[in-house]
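A.B. asks: Mind looking over this structure? Questions follow.
The values are calculated or read from the model by the stated rules, or taken from the named source; none is laboratory data. Treat the numbers as computed from the prediction; the structure is a model and nothing was measured. Every residue, glycine as well, gets a Cβ built from its backbone with ideal geometry; the counts of neighbours run over all protein chains shown. Please note that ligands, DNA and RNA were not included when accessible areas were found on the heavy atoms of the full protein model with its side chains. Shrake-Rupley method; radii C 1.70, N 1.55, O 1.52, S 1.80 Å.
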Amino acid sequence: MKKYLFGITSFIILFAADRITKILAGSIKGTDGIPVIKGVFRLLYLENKGAAFGIMQGRRFLLLAATFIILALVAAAFIKIPFTKRYIPMDIILIMLLSGAAGNMFDRIKYGYVTDFLYFELIDFPIFNVADCYVVIAAFAAAFYIMFYYNDEDLEIFRIKKRGEHGRGI
């Protein structure tokens, strides 16, 4: 029960932070943005009808379907993980993935686009948002933990068992 309370509370906080920042970003719509660090970083409003880096523009229903599948798989993984000290990093990673995917999915469903507003103009990096940050941080953290923290036995919980398989190796 503690795990689900932790997961739901964390999800709500992260999702709310993403929503609030996107709502606030609406106030700079139609402007040249707000320089935070002149020539380096700017808040700049953008309505992105695609995915990361603007790919798949206008493919809203495909993006929604893919996001729904990802949300289902990540939620299933979260449920499957035991709530022990060893797996807390993976729980946090999965909550961040859920929050980020759900935040952008909310935008796609409600508005038909995702609100982006964080822009590193120094390197002309594509404009992104807080939900994107969650997903990227979670992906890097997952790679790190899988390579350097978890061993093969720890990751067995994610293994999909084939029909008729009863825990025996091949």
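A.B. asks: For region 85-131, give me each residue that is out of contact with any Asp or Glu (no Cβ under 7 Å at 6 or more places or on another chain) and among the aromatic types (Phe, Trp, Tyr).
C.D. replies: Across region 85-131, the qualifying residues are TYR87, PHE106, TYR111, PHE117, TYR119, PHE120, PHE125.
A.B. asks: Since LYS22 meets every condition but one in (1) outside any strand (DSSP E or B); (2) in contact (Cβ under 8 Å) with a residue 12 or more places away in the chain; (3) in contact with a Lys or Arg (Cβ under 6 Å, 6 or more places away or on another chain), which condition does it not meet?
C.D. replies: It fails just one condition, (3).
A.B. asks: Report, by residue number, each residue of region 91-114 that is within 25 Å of GLY33 (Cβ to Cβ) and touching a Gly at 6+ places or on another chain (Cβ under 7 Å).
C.D. replies: Matches in region 91-114: none.
A.B. asks: Would you say ILE88 is under 16 Å from the mean Cα position of the chain (by Cα) and surrounded by fewer than 17 Cβ atoms within 10 Å (Cβ to Cβ)?
C.D. replies: Answer is no for this residue.
A.B. asks: Could you list, in sequence order, the residues of region 95-130 that are of a type in the set (Phe, Trp, Tyr) and open to solvent by 20 Å² or more (accessible area, probe 1.4 Å)?
C.D. replies: Result: PHE106, TYR111, TYR113, TYR119, PHE120, PHE125, PHE128.
A.B. asks: Under the condition of being surrounded by 15 or more Cβ atoms within 10 Å (Cβ to Cβ), of a type in the set (A, V, I, L, M) and under 18 Å from ASN129 (Cα atoms), which residue from region 45-82 is modelled with the lowest pLDDT?
C.D. replies: Among those residues, the one meeting the criterion is ALA51.
A.B. asks: Restricting to region 12-35, give me the number of residues that are within 15 Å of the chain's Cα centre (by Cα), surrounded by 14 or more Cβ atoms within 10 Å (Cβ to Cβ) and over 15 Å from VAL114 (Cβ atoms).
C.D. replies: Result for region 12-35: 2.
A.B. asks: Kindly check whether there is at least one residue in region 139-159 that is in contact (Cβ under 8 Å) with a residue 24 or more places away in the chain, within 30 Å of ARG60 (Cβ to Cβ) and buried (at least 20 other Cβ atoms within 10 Å of the Cβ).
C.D. replies: No: region 139-159 contains no residue that is in contact (Cβ under 8 Å) with a residue 24 or more places away in the chain, within 30 Å of ARG60 (Cβ to Cβ) and buried (at least 20 other Cβ atoms within 10 Å of the Cβ).
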